[in-house]
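Data first, discussion second: the structure below is written as structure tokens.
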Amino acid sequence: MKKTALIFGITGQDGSYLAEILLKKNYIVHGVKRRSSSMNTSRVDHIYQDPHDKNYKFRLHYGDITDSSSVSSVIEKTKPNEIYNLAAQSHVAVSFEVPEYTANADALGALRILEAIKFHKLEKKTKFYQAGTSEMYGKVQKVPQDEKTQFYPLSPYGVAKLYAHWITKNYREAYKIFACNGILFNHESPRRGETFVTKKIVSALCKIKEGKQKKLFLGNLNAKRDWGHARDYCYAMWKILQQKKPDDYVIATGIQYSIKQFINITAKKLKMKIKWKGKGFNEKGFNEKGYPIIQCDKNYFRPLDVNTLLGNSKKARRNLKWKPRENIDSLIEEMIKFEYFHLQNDK
């Protein structure tokens, strides 16, 4: 009998990759999307099936992680073998602007799903995956960070995700739900949202090279992150729920780059030369003609900034037999290829 999966946040970067992975593994995949006046399904349009098709493998349902009734209803209707909670207000900087909504979606969203599993008595049938984040480490207490590293979040997003992390552990221990946390470090792809820094960098440099944009404004150029490919990390999510016992795992590459290094790697692949001048906030990147194409903007600095994140995924590599297939070079190359495809189509 085919397994059934339910993905909250299916229209996002991770949701779309995870859906593809599960469909290839012959799952029936249900996804939850919010109602919007504009279509927000571009990442899953290629796997969409007509709702009139009786032999379906993919179905979308309207719902919202901030609405207990719709969460409970879709879980009761689908009675899935696996639930993946990827729904969130996922932008760290934005969480300072909308902290209450971030808490409602990112913290209480996980609770609503867990309560629905318990309420519908699906504890023995349904496995639950909670999408955690390296932002929970925030002001890092140890380098690199693993499953035992103390958390110290520095944003409403990190704090909300930390609640979701602990409520998942609590329901696992209190109600014997197969509930797991994936503490995923930064993972990117061509499907990344436009306002996230890696997407912003690649998109802007491609446009600057083609004369379609003059300048790129960024925040902290010296912030360091452990970047992987979203497709690799979504495969890890699935692996986590295939284990005999529920547990929590750090998913990371174990290699770190600064924002400035990410820019330099992207520029090199685009055959662009950038010369850096100045220090700190006043540092700027100049093109070959001496024109400043990259500079800092105070609006992109957070009230509290996470300066360094570096993951230790030894446990996942040992227990899950998981390791990243992509590296920073292949990731950026794929993102550049995607940007140029759309730039050419726009012409």
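Taken together, the values in this text are just the output of simple stated rules run on the coordinates, not laboratory data. Everything numeric here is computed off the predicted structure, so don't read it as measured data. As a convention, Cβ positions derive from the backbone with ideal geometry for all residues, glycine included, and neighbour counts pool all protein chains shown.
Among 44-53, 65-74, how do they line up from the highest to the lowest mean number of other beta-carbon atoms within 10 Å?
Numbers: 44-53: 11.0, 65-74: 17.9.
Answer by packing, highest mean first, reads 65-74, 44-53.
Sorting the segments 103-112, 284-293 by their residues' average number of neighbouring beta-carbon atoms within 10 angstrom, most packed first, yields 103-112, 284-293. In the elastic network of the chain, a GNM with C-alpha springs shorter than 10 Å, the most mobile of Lys161, Lys142, Lys323 is Lys142. Projecting the Cα atoms of Leu309, Ile265, Gly285 onto the charge dipole of the stretch 220-328 (Cβ charges, centred on the Cα centre) puts Ile265 farthest toward the positive pole. Taking Cα centre as origin and charging only the Cβ of basic (Lys, Arg, +1) and acidic (Asp, Glu, -1) residues, the dipole magnitude of the chain rounds to 920 debye. Look at the alpha carbon pairs under 8 Å that are at least 6 residues apart: their mean separation over the length of the chain gives a relative contact order of 16 percent. Highest mean packing first, where packing is the average number of other Cβ atoms within 10 Å per residue, the peptides 113-120, 4-11 line up as 4-11, 113-120. Charged side chains reduced to their Cβ positions (Lys and Arg at +1, Asp and Glu at -1) give the stretch 59-172 a dipole of some 600 debye around its Cα centre.
Going from the fewest other Cβ atoms within 10 Å to the most, the residues Trp276, Trp227 appear in the order Trp276, Trp227. Is it possible to state the helix-based mean residue ellipticity at 222 nm for the chain, with each DSSP H run of 4+ residues giving -39500 (n - 2.57), the sum divided by total residues, to the nearest 500 deg cm²/dmol? What is it? Computed mean residue ellipticity for the chain: -11000 deg cm²/dmol.
Of the options [x] 39, 23, 16; [y] 35, 23, 18; [z] 54, 17, 16, only one is semi-axes √(5λ) of the Cα gyration tensor in Å as computed from these coordinates, and that is [y]. The calculated FRET efficiency for the pair Glu147 and Lys124, based on their C-beta separation and a Förster distance of 25 Å, comes to about 0.45. Listed from fewest to most Cβ neighbours within 10 Å, the set Arg172, Arg317 follows the order Arg317, Arg172.
Mean sequence separation of contacting Cα pairs (under 8 Å, at least six apart), scaled by the length of the stretch 137-278, corresponds to a relative contact order of 25 percent.
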